[in-house]
Amino acid sequence: MIPRTDSALHDHSWQWHLQHSIKNANDLAEALGIHLDEVQTDFPLLVPLPYLNRIAKGDPMDPLLLQVLPRKAENDPSIGFSKDPLMELQHTQGPGIIHKYRGRLLIVTTGVCAVNCRYCFRRHFPYSEFQLSKKDWASVKAYIDQDPSIHEVILSGGDPLIMPDNRLGELAEAIESLTQITNLRIHTRLPVVIPQRVNEELLTWVRQTKLHLVFVIHANHAYELDTHVEAAINHLRSANVTILNQSVLLKNVNDDVGTLTELSWRLSQLGVMPYYLHLLDKVAGAAHYDVPDEIGAGLVRQMRGQLPGYLVPKLVREIPGADAKCEIKL
Ligand SMILES: *Cc1c(COP(=O)(O)O)cnc(C)c1O
Ligand code: SF4
């Protein structure tokens with residue numbers, strides 16, 4: 001049963017929301033009052049209720065719905081789209097560790113997310129083989145010890161905030177004990193899709209750590225950022241967390257200058273700095289979201305003409321083998 005009223009929905013814990021997410025097209029169709037086809041896919045449908053609540057009823061082209069709805073096109077073979085477009089499997093240096101760029105080390109903490117975004121570049125990632133388990137900490141520590149250039153640890157996934165706070169608190173403490181590490185970055189969509197995630201337990205370890213904490217959240221459209229998300233972001237900012245946003249440029253979701261400009265202003269209201277606007281990684285099953293590079297560059301050029309410079313995200317593409325994300329020439 002889907003709770004119908006706002007307040008009932010928002011009083012539940014984040015764990016409750018993880019358990020009560022929408023997991024099939026029929027329930028989604030019923031909740032939104034539209035017809036949806038069931039599509040066979042190995043990447044299941046997953047939509048938590050606080051996110052569902054922001055999708056317009058009766059609109060099959062709602063930009064939030066399009067991010068989470070499996071469509072038949074996912075099963076079409078597309079030239080140039082592959083299962084591991086970023087060749088991450090060649091860059092794993094041990095369980096959970098992906099080290100591509102100097103100075104920062106990325107750790108895949110869990111394969112689980114609170115929402116399944118259809119365009120996700122890790123939708124085929126063999127998480128069970130590579131995610132970090134507790135016993136792997138020794139090898140992460142050894143890896144960092146042998147490379148003094150590393151100053152930042154990035155927790156990624158999946159969504160690292162799926163981990164319980166006692167585990168995250170332990171991990172933050174362990175990372176803090178490595179004196180070469182000054183920054184801890186967390187790549188997470190949870191404060192957006194289930195803002196209840198930012199609770200007292202989370203804020204307790206966040207306030208305790210001496211590391212500079214940076215949260216990179218992920219929103220693609222201003223409609224994702226409702227007042228509950230705003231409250232969650234305010235809590236994090238009060239705890240001295242630096243908050244950045246990354247988006248993916250997605251066909252029919254945010255590929256027009258009005259939508260992108262509105263997103264930047266909304267982020268600014270929340271005190272979140274736009275960081276990256278990613279061109280789609282060419283992952284199998286996501287070709288129907290692709291926006292050509294020239295169109296993306298044109299959109300960001302127009303954003304520059306309308307926004308303060310600090311609200312224009314960097315348009316980037318990840319190129320396997322490059323030493324950083326590649327900025328697209330505007
Ligand atoms: C994107 C990414 C990072 C972070 O890059 P920044 O440009 O510092 O945000 C780090 N490691 C890996 C493997 C990445 O894919
Ligand atoms: S939350 Fe991030 S990692 Fe998870 S499915 Fe969405 S894009 Fe992928």
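A few notes on this one:
- Count of region 237-253 residues which are more than 16 Å from ligand 1 (Cβ to nearest atom) and under 16 Å from Ser268 (Cβ atoms): 1
- Looking across region 84-99, the residues that are away from ligand 2 (no atom under 16 Å from the Cβ), surrounded by 16 or more Cβ atoms within 10 Å (Cβ to Cβ) and either without any contact (Cβ under 8 Å) to a residue 12 or more places away in the chain or within 16 Å of Ile186 (Cα to Cα) (or both) come down to Ile97, His99.
- Looking across region 50-102 at every residue that is more than 26 Å from Val316 (Cα to Cα) and assigned to a helix (DSSP H, G or I), the one that is nearest to the chain's Cα centre (by Cα) is identified as Tyr51.
- Of all residues in region 151-195 being more than 13 Å from Thr209 (Cβ to Cβ) and more than 16 Å from ligand 2 (Cβ to nearest atom), the one that is surrounded by the most Cβ atoms within 10 Å (Cβ to Cβ): Glu152
- Filter result (in contact with a strand residue (DSSP E or B) (Cβ under 9 Å, 6 or more places away or on another chain), more than 18 Å from His228 (Cα to Cα) and among the hydrophobic types (A, V, I, L, M, F, W, C)) within region 239-276: Val248, Leu249, Leu260, Met273
- Meets criteria (in contact with a His (Cβ under 7 Å, 6 or more places away or on another chain) and assigned by TED's automatic domain parsing to the domain that holds Gly103) for Asn199: no
- Criterion (assigned by TED's automatic domain parsing to the domain that holds Leu202 and within 13 Å of ligand 1 (Cβ to nearest atom)) met by exactly one of Ile162, Ile98, Ile144: Ile98
- When Ser156 is tested against (1) polar (S, T, N, Q); (2) within 16 Å of ligand 1 (Cβ to nearest atom); (3) over 21 Å from Val283 (Cβ atoms), exactly one condition is not met: (3).
- Qualifying residue in region 128-138 (condition: within 17 Å of the chain's Cα centre (by Cα) and either within 13 Å of ligand 1 (Cβ to nearest atom) or not assigned by TED's automatic domain parsing to the domain that holds Pro191 (or both)): no
- Test set (1) closer than 30 Å to Ile150 by Cα; (2) in a loop (DSSP other than H, G, I, E, B); (3) not aliphatic (A, V, I, L, M) - Cys117 fails condition number: (1)
Per-residue answers, yes or no, for (1) charged (D, E, K, R); (2) loosely packed, with under 13 Cβ neighbours inside 10 Å:
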site: Asp27; (1), (2): yes, no
site: His35; (1), (2): no, yes
site: Asp42; (1), (2): yes, yes
site: Leu46; (1), (2): no, no
site: Met61; (1), (2): no, yes
site: Leu65; (1), (2): no, no
site: Pro70; (1), (2): no, no
site: Ser78; (1), (2): no, no
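The values are calculated or read from the model by the stated rules, or taken from the named source; none is laboratory data. Just so it is clear, the structure is predicted and the values come from calculations on it, not from any experiment. Cβ coordinates were reconstructed from backbone atoms using ideal geometry, including for glycine residues, and neighbour counts include every protein chain displayed.
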